[in-house]
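Engineer: Please read through the structure below; I'll follow up with questions.
Laboratory data are not the source of any read-out in this text; all were calculated from the coordinates shown. Please read these numbers as outputs of a predicted model, since none were measured by experiment. Note that each Cβ is placed from the backbone with ideal geometry, even for glycine, and that neighbours are counted across all protein chains shown.
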Amino acid sequence: MSSINTNTQAMNALSTLRDVNKNLSTTQERISTGLKISSAKDNAAYFSISETMKGDSAMYNSIQEGLTLTANSLKTARLGAETFVDMIGEFTEQVAFGQAGAMNHADIQKQLGELVSQLKTVLDQSTFNGENWVDGTRVDGTYTGLVADANSVAPGGAGYIPTQGDVNGVPVNVVTGVGREGATLKVTKMEVAGVDLKGIVDRLSKIDITTGQVTTAPGAPLTGADLETARNAILTAANTELKAAITAATDLGLSEKSVETQQEYLKKLTDTIDTGVGAMVDADMEAEAARLQALQVQQQLATQALSIANQAPQNLVSLFR
């Protein structure tokens, strides 16, 4: 039966064209954005997971930036400590040179005083971004920020614990052992302590090879065998400070390496997370390009089919001629 009121063929053709246009619109959006899941309506489960993982990735990137500041501070401190080792080695050589009784000890003492001044300069210059890891202020404590969950990155957020070492309220010396437990992002602290080169400078500054004293308030100058014994003690003290400087430089090197290792781990971790997120939400551009071509052909055919269906009622006119 044919009807001029209800054109079933046209309705079917129109429905097909609507479906094709809808799929074409989706494909064009994926091509323009590069995403197959751009909102929760596309896939609620994948959208939720991907957004959570993006939050984790952003968190680790923030930690990475903080570690970069710490790594640069430690590198500066290590270079300062290594310079200390060289200069204290020279200091010790001068003290050893002054063991001979016929030497001009006053001139040697001037050289020792100049070396101490240079050590103080190195101590002051071993600073990066206002942080000095060699002056003894960071010997005790870990100076880390601790973030308990993904929503507490900002100072004052739930779980944020401010510590010494924050810069403008933002933790800059975070962390190791990151991981997610359920809905909570776990971040534990990394213990990185500084060294006390200032104490070494203070102790070396008290050495006076001319009198055999190791004090800022010397007593009567020593003579003879007592002076020789005192100078030997000074050499032992200088060697002790040299060993302390070597230990400090070694400790800073280990800390710097530890931070760099953590940075490498975080970089790989964020890359893995970003890759996982991409696998869930990124569009396959080759497949979408092929799909676009097919849908464009389908659109043309559906349009042609609708045109043919709309012509059907015109055929009824011939029955009344």
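Engineer: Quick one: which of 85-92, 120-127 comes out on top by average Cβ neighbours within 10 Å, and what's the full order, highest first? Mind showing how you got there, number by number?
Structural biologist: Values: 85-92: 18.2, 120-127: 16.5.
By packing density, highest mean first, the sequence is 85-92, 120-127.
Engineer: Then there is this: Under the 0.36 nm per residue contour assumption, what length would be gained going from the current alpha-carbon distance of ALA312 and LYS206 to full extension? Mind showing how you got there, number by number?
Structural biologist: Working: separation 106, 0.36 × 106 = 38.16 nm, distance 11.13 nm.
Going from the current span to full extension adds 27.0 nm.
Engineer: Sort 196-202, 4-10, 109-115 for me by packing, meaning the mean count of neighbouring Cβ atoms within 10 Å per residue, highest on top. Write out the running numbers ahead of the final one.
Structural biologist: Values: 196-202: 19.4, 4-10: 12.0, 109-115: 16.3.
Output ranking for 196-202, 4-10, 109-115: 196-202, 109-115, 4-10.
Engineer: Another question, then. Give me, ordered by chain and number, the residues 5 or more places off LEU35 or on other chains with an amide H under 5 Å from its own placed amide H.
Structural biologist: Here the answer is ALA283, since their amide H atoms fall under 5 Å of that of LEU35.
Engineer: Let me ask you something else. Given the pairs LYS120/LYS243; LYS41/LYS268; LYS41/LYS267, which are separated by over 24 angstrom at their Cα positions?
Structural biologist: Details: LYS120/LYS243 18 Å; LYS41/LYS268 31 Å; LYS41/LYS267 31 Å.
From LYS120/LYS243; LYS41/LYS268; LYS41/LYS267, over 24 Å: LYS41/LYS268; LYS41/LYS267.
Engineer: Also, I was wondering about something else. Pull up the cross-link candidates among the lysines for LYS36, meaning alpha carbon to alpha carbon under 22 Å and not fewer than 8 places away within one chain.
Structural biologist: Result set, ordered by chain and number: LYS22, LYS54.
Engineer: With label points built 7 Å along Cα→Cβ from the Cα atoms of LYS257 and SER32, find their separation and express it in nm.
Structural biologist: That separation, rounded to one decimal, is 5.5 nm.
Engineer: Quick check: residue separation of ASN12 and GLU90 times 0.36 nm, minus the Cα distance between them. What number comes out in nm?
Structural biologist: On the way: separation 78, 0.36 × 78 = 28.08 nm, distance 9.54 nm.
Additional length available on full extension: 18.5 nm.
Engineer: What is the Rg over Rh value, at two decimals, for region 227-321, using alpha-carbon atoms and the Kirkwood definition of Rh?
Structural biologist: Numbers: Rg = 40.8 Å, Rh = 22.2 Å.
Across region 227-321, the Cα-based Rg/Rh ratio is 1.84.
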